[in-house]
1. Looking only at the stretch 98-133, how many residues end up being closer than 20 Å to Gln10 by Cα, at pLDDT 90 or above and of a type outside the set (Phe, Trp, Tyr)?
2. Taking into account only those residues within the stretch 1-54 that are of a type in the set (A, V, I, L, M, F, W, C) and at pLDDT below 75, which is nearest to Val130 (Cα to Cα)?
3. Going residue by residue through the stretch 76-85, is there one that turns out to be among the β-branched types (Val, Ile, Thr), open to solvent by 80 Å² or more (accessible area, probe 1.4 Å), modelled with pLDDT under 90 and within 17 Å of the chain's Cα centre (by Cα)?
Amino acid sequence: DWHESRMSGQFWGEDALEMQAYHLIVFETAEIDVSLFHKTSKNRREGSELDLCFVVFKSNGGSGRGSIGKLIESSKRSIGKLITLGHIFEPGEYMVVPFSVNFWHTTSNQSKFGGNDNNLYNLAFHSPKVLNH
């Protein structure tokens, strides 16, 4: 009876002015598993795994939505197609920021417009409690 919430996004290069982040609201203390999946393409050769990671920040309540506060948790960096992290979240608002080191030395235009779908991912949350994002 676990609930799932899933979003898609893309990794950005070093010249990106903003990074994609996900706002998570937890209403009651809950165990939440966070998973970052590197999307695969039928055209992409095998063995092209990315160096994946994500960080979880507590949102600053008084500063408005999207404001990052204290670092709560981070996944371990891993080369592959999937990384996961289980954490007990207290009630509050959080920001989850996925990233890949592979794209730090590319420009955002190359990542976004170069016809390369290697930078796409899914971020999933699994919990026995209902989540809001």
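1. Within the stretch 98-133, residues that are closer than 20 Å to Gln10 by Cα, at pLDDT 90 or above and of a type outside the set (Phe, Trp, Tyr) number 4.
2. Filtering first and then ranking leaves Met19.
3. So far as the stretch 76-85 goes, yes, one or more of its residues are among the β-branched types (Val, Ile, Thr), open to solvent by 80 Å² or more (accessible area, probe 1.4 Å), modelled with pLDDT under 90 and within 17 Å of the chain's Cα centre (by Cα).
The values are calculated or read from the model by the stated rules, or taken from the named source; none is laboratory data. All values reported here derive from a predicted model rather than from experimental measurement. Heavy atoms of the whole protein, side chains included, go into the accessibility calculation; ligands, DNA and RNA do not. Shrake-Rupley method; radii C 1.70, N 1.55, O 1.52, S 1.80 Å.
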